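Visitor: Before I ask anything, let me first share the structure, which is written out below as structure tokens.
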Amino acid sequence: MTSSPLDLPDTTACLLAREVVEEFASPALVNHSVRAYLFAADHARRHGIAFDGELLFVAAMVHDLGLVPVFDSATVPFEDAGGAVGWVFAAGAGWPVARRRRVAEIVVAHMAPEVDVATDPEGHLLELSTGLDISGRDPGAWPDDVRADVLAAYPRLGLVDEFVACFTDQARRKPDSLAGRFAAAGFADRARANPLDA
């Protein structure tokens, strides 16, 4: 049996992580989280990158929960807040402390300009896939049919407007955060020019 580019891991932790994001995030953010995993996993398979599917999926599900009002922090960057949510979720799932830390590290790493695949393959993959899905970075790194299939299964649902509003709010309240720096460097224009929305 061959795997499909749309296959999702179905461990108990993965199913519960998706349930969590569906409970607290908008449909656009839910679909973004699933696409982030699918684009990451596809990239890994095509480039021979070994990764922990459960760990990557859980991190992808929770990575933007720091933007959701109920989890938004008044003081720390949204990726740090999302990492904390991931740590708590992983503790509830019964994962050992080292694995809880890994979820938090991957969530924080997704905002980095570049993540070393040798030291953090899951962080590397999530950083690449979210860069594509939010800012439209390097769309040619994914085959046209993969992009089309993922977008058909998990449509964007006005993600860009929601995300630009979130980042603008983060930048206003936390100007020294990465979101603040991205916003000051023209993030909104890049996001609105994302070829995935064409």
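None of the figures in this text is laboratory data; all of them are computed from the coordinates on show. If you're wondering where the values come from, they're calculated on a predicted model, not measured in any experiment. Glycine gets a Cβ as well: all are built from the backbone with ideal geometry, and neighbour counts include every protein chain shown.
Visitor: Over what distance in Å are the Cα centres of the stretch 140-198 and the stretch 11-87 separated?
Guide: Centre-to-centre (Cα) distance: 15 Å.
Visitor: Further, regarding this structure: Have a look at 30, 70, 20 and tell me which one the Gaussian network model of the chain (Cα, springs below 10 Å) gives the largest fluctuation.
Guide: In this elastic network of the chain, the residue with the biggest mean-square fluctuation among 30, 70, 20 is 70.
Visitor: Right, another one. Based on the Cβ-Cβ distance from residue 149 to residue 12, what FRET efficiency comes out when R0 is 35 Å, to the nearest 0.05?
Guide: E between residue 149 and residue 12, to the nearest 0.05, is 0.85.
Visitor: Here's a follow-up. For a quick protection proxy, order the peptides 76-89, 47-60 by their average other-Cβ count within 10 Å, most packed first.
Guide: Answer by packing, highest mean first, reads 76-89, 47-60.
Visitor: Dipole size in debye (nearest 20) for the stretch 12-159 around its Cα centre, Lys and Arg Cβ +1, Asp and Glu Cβ -1?
Guide: Roughly 180 debye, rounded to the nearest 20.
Visitor: Ok, one more. Using the Kyte-Doolittle scale, which helices in the chain average at least -0.5 and also have C-alpha atoms spread 20 Å or more along the helix axis, with helices defined as whole DSSP H runs?
Guide: Those that clear 20 Å and a mean of -0.5 are 27-47, 78-92, 121-135, 159-173.
Visitor: I'm spelling it out carefully: the read-out is volume of the Cα convex hull per residue in Å³, the candidates are [x] 147; [y] 116; [z] 104, and one was derived from this structure. Which label?
Guide: Recomputing volume of the Cα convex hull per residue in Å³ here picks out [y].
Visitor: Here's another thing I want to ask about it. Which of 145, 42, 72 moves most in a GNM of the chain, Cα contacts under 10 Å?
Guide: Comparing 145, 42, 72 in the GNM, the peak value goes to 145.
Visitor: Let me ask another. Can you list the residues of the stretch 2-33 with backbone N under 19 Å from a point 7 Å past the Cα of residue 47, pointing along Cα to Cβ?
Guide: Only 5-6 pass the distance filter.
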